[in-house]
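This report concerns only the one structure given below.
The values are calculated or read from the model by the stated rules, or taken from the named source; none is laboratory data. Everything numeric here is computed off the predicted structure, so don't read it as measured data. Methodologically, a virtual Cβ is constructed for each residue, glycine included, from the backbone with ideal geometry; neighbour enumeration extends over all protein chains shown. Ligands, DNA and RNA are stripped out before the accessible areas are found, and what is left, the full protein with its side chains, is counted by its heavy atoms. Shrake-Rupley method; radii C 1.70, N 1.55, O 1.52, S 1.80 Å.
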Amino acid sequence: MVDRYTASPGPLQSFTRDERTLLLDCGDPQIALTVLAANIVRIRLATNGIFAPRRSWAVTPPDEHFTAPSFTIEETETTLTLRTEALAIQIERATCRIACVDLDGNIFCADETGLRWGDSGVSCAKRIADSEHFYGFGERTGALDKLGRCMVNWTTDPPFGHNPGTDPLYIAIPVFMAVRPGLAYGVFFNNAWRSTFDIGAHQADVWQMEADGGEIDYYVIYGPTPSIVSEGIVALLGAMPMPPYWALGYHQSRWSYETDAAVRNLATEFRQRDIPCDVIHLDIDYMEGYRVFTWNSNRFPDPSGLIAHLRKQGFRTVTIIDPGVKVDPAYAVYRQGLEQDCFIRQANGEVFHGYVWPDDSAFPDFMRSEVRQWWANLQKSLIDQGISGIWNDMNEPTVFAKPFSEGGGQAFTVDLDAPQGPADERTTHAEVHNLYGSNMARASFEGLYRDLNGERPFVLTRSAFAGIQRWSTCWMGDNSSWWEHLEMTMPQLLGMGLSGVPFVGVDIGGFFGNARGELFARWMQLGILFPFCRGHSSTDTMQHEPWVFGPRVEAICRDYLKLRYRLLPYLYTLFWEAAQRGAPILRPLFYHFPDDPATYHIHDQVLLGPTLLAAPVYHPGREYRYVYLPAGVWYDWWNDELINGPAHLLAYAPLERMPLYVRAGAIIPSGPELRFTGERPLDPLTLDLYPGEGELTLYEDDGRSFAYQQGQFCTTRYALRYDGQHLVFAAGARTGAYTPSQRNIVLRVHGADAAAIADHPAAQYDAERCILSLQFADKGAAQEIQFRIVGM
């Protein structure tokens, strides 16, 4: 392997400090260590002694945004140590190599060759500690643990049929989390150029990050637990806003529902078949010749009427928008873009042209605020017609080798030397390519935020960079109707959540190819756990709606979608946790069991929040699957069987059943059956209680507006205490300015003793499953209720 890097810092000559930064003078190079929190340190290298200025498109806040924490400097003959309340950073005087140390003396994120650079880029190499595993890295193929992988950060539309070795994909997020027993930390490589993570692929005990340009600029986030690392990631890259409640429902899409009549029939089928659905997506064929912000008047003669009709039936409408603007002097959007100089130009000053769906196209420069404003203004015509969200596609950006009308061909991108950005910070596409999709999504979000009359925006994007959660939901692009892609789904989504992006999903059933009924049923079972739950398929495939696979599969889809809708109070609370603290909605087992090495390689089981564990089936013809349950007591969701963990078991999983388990101490909130999210209020609120020690803080707001940001929300803390014979349910007083509609609460106590009915004569008792159900009015007041429990 050729060494691209010929220079490295010399010995430490001197240092200075201020309230937040330790500046190391290593000769010409300068290294800055900036303390942003007791557990977050930013490390930068200026090879010529001059640090690059902050860009307007930076994805992290300025250092001054953080309250400067206290830190001390300790000196010895060989080292310099920066020490905070949470960790220490040690610098070797002879080499300026850096290592992090926790309060117990455990070394992590320690330089191997350290900081290096050359004409072709910059690099930092660090040691892989014993028993260390690596997760996140945004959207990737393959298993959950990326130890041994080399991964490129470069937003790319991959060829059809990507596989476990395909890299890169549509989304580039240079963020990861490293975990070993007793310790977890995260790294964000703050560099938008094409970059690479080599996690022990070329040297087994070394991980390396390198970039084709820019600075070595990275943040270290110390845990020691994965949840604290997630909090640090969101502190750096921003939190997602609360989504509109309807966006948590099921979305139905296809390339394409090509006519007004087809869309109306689709909506009717969902309602007549009693299959829950909230959103219909319209792909590119609703447009006139693939011209963005237009409608094909023959296929859709009355868009406003159609959208209003759908809304009356409980459906929201989301329309696709691509960045490519058809080069056509008769097309108003193209003329405006030329007149306002909104398009990317080539190095010679001519407007860059590339082929996409409308053939010859120009591409907006979303790195400029005035261009994002122009794009947001164009969106208003769709909003005025009633659409509720925008779906951004092809925004890597993708450029075809030849016109789509001639077959399209291989995917490329904008010329890397094309100038982009504001005049006072002009750069080339090579530096901002990875940011293109995120800034398009930002334009869409800001336009919806401004023009939806106070309603929350919904944006969906295929391409993105770190921090995209502030603007958009992400889906993982064009998968295929293969069992292999079904299994790839979970590690992809878990990796995104660990990278700070919680609102994610994949195309249920697969985009390319024809799903069989068994595959679709298993995918739907998994799909009801996705934060973003959408079925989508390509134009050249058979229909993929839930009813096309026959009555058995249709019934499975109906039952599992109804389960998702019943669990919406639980799911919405998890979204709130993500918005507040950056906690992933879908969580790998190690997230809550980081000291259990048996969880480190499990990619095919998932926790939905802290208490509900799913073990989907990923292979055809299987009626059993292996399951690992970590330490503690678990309940089988389907029959309330008690299982003491850690345990390895063979779970029964006929086609109608996805193995589900609940941790003892769990309180699972649920609501009534719904066909769409706004069909009726949350009444009754059902709380399923699983004996053990645990708690839940239920979050509620209006689900529509941004009033929650001004305090219009409420939380209720519920807790369980268990002494082996009696379970005490404690409800705290509701807090917050928002008042839910009047309702009843139903407690369903699992494992209740038959004698408990004597304590609660108004209750109902299911003797087969030992479940006691008790209903009472929810007055928002504190109270305690005790139940007799069957011995565990």
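Screening region 470-494 for residues that are in contact with a Ser or Thr (Cβ under 9 Å, 6 or more places away or on another chain) and among the polar types (S, T, N, Q) and picking the one that is surrounded by the most Cβ atoms within 10 Å (Cβ to Cβ) gives 472. Of the strands (runs of 3 or more DSSP E) that lie entirely inside region 199-253, those containing 1 or more residues that are more than 26 Å from residue 506 (Cα to Cα) and open to solvent by less than 10 Å² (accessible area, probe 1.4 Å) span 206-211, 216-222. In region 35-48, the residues that are of a type in the set (Gly, Ala, Ser) form Cβ pairs under 8 Å with partners that are at pLDDT 95 or above and buried (at least 20 other Cβ atoms within 10 Å of the Cβ), at six or more places apart or across chains, as follows: 37/232; 37/235; 38/87; 46/31. Among residues of region 54-71 that are under 22 Å from residue 22 (Cβ atoms), those with a Cβ under 8 angstrom from a residue that is open to solvent by 70 Å² or more (accessible area, probe 1.4 Å) and assigned to a loop (DSSP other than H, G, I, E, B), sequence gap 6+ or separate chain, pair up as 62/54; 68/19; 69/85; 70/85.
Having 1 or more residues that are closer than 29 Å to residue 426 by Cα and at pLDDT 95 or above is the bar; report the strands (runs of 3 or more DSSP E) wholly within region 1-57 that clear it.
Passing ranges, in order: 21-25, 30-37, 40-46.
In the set 572, 565, 591, 635, only one residue is part of a strand (DSSP E or B), in contact (Cβ under 8 Å) with a residue 40 or more places away in the chain, crowded, with 21+ Cβ neighbours inside 10 Å and not acidic (Asp, Glu); that residue is 635.
Working only within region 721-740, note down all residues that are of a type outside the set (A, V, I, L, M, F, W, C) and either surrounded by 13 or more Cβ atoms within 10 Å (Cβ to Cβ) or more than 14 Å from residue 664 (Cβ to Cβ) (or both). Those that are of a type outside the set (A, V, I, L, M, F, W, C) and either surrounded by 13 or more Cβ atoms within 10 Å (Cβ to Cβ) or more than 14 Å from residue 664 (Cβ to Cβ) (or both): 721, 722, 725, 726, 732, 734, 735, 736, 738, 739, 740. Please verify whether residue 95 is of a type in the set (Val, Ile, Thr), in contact with a strand residue (DSSP E or B) (Cβ under 8 Å, 6 or more places away or on another chain), part of a loop (DSSP other than H, G, I, E, B) and touching a residue at least 12 places away in the same chain (Cβ under 8 Å), treating the condition exactly as stated. Yes: the conditions hold for residue 95.
Within region 125-178, the set of residues being assigned to a loop (DSSP other than H, G, I, E, B), touching a strand residue (DSSP E or B) at 6+ places or on another chain (Cβ under 7 Å) and more than 19 Å from residue 489 (Cα to Cα) comprises 128, 129, 131, 132, 148, 154, 174. Among what's in region 99-113 and is touching a residue at least 40 places away in the same chain (Cβ under 8 Å) and within 31 Å of the chain's Cα centre (by Cα), pick the residue that is surrounded by the fewest Cβ atoms within 10 Å (Cβ to Cβ). Among residues in region 99-113 that are touching a residue at least 40 places away in the same chain (Cβ under 8 Å) and within 31 Å of the chain's Cα centre (by Cα), the one surrounded by the fewest Cβ atoms within 10 Å (Cβ to Cβ) is 106.
Kindly check whether there is at least one residue in region 528-535 that is touching a Leu at 6+ places or on another chain (Cβ under 8 Å), more than 25 Å from residue 622 (Cα to Cα) and either part of a loop (DSSP other than H, G, I, E, B) or free of Cβ contacts under 8 Å to residues at least 24 places away in the same chain (or both). Yes: region 528-535 contains one or more residues that are touching a Leu at 6+ places or on another chain (Cβ under 8 Å), more than 25 Å from residue 622 (Cα to Cα) and either part of a loop (DSSP other than H, G, I, E, B) or free of Cβ contacts under 8 Å to residues at least 24 places away in the same chain (or both). Residue count for region 750-762, restricted to those that are closer than 23 Å to residue 693 by Cβ and crowded, with 16+ Cβ neighbours inside 10 Å: 7.
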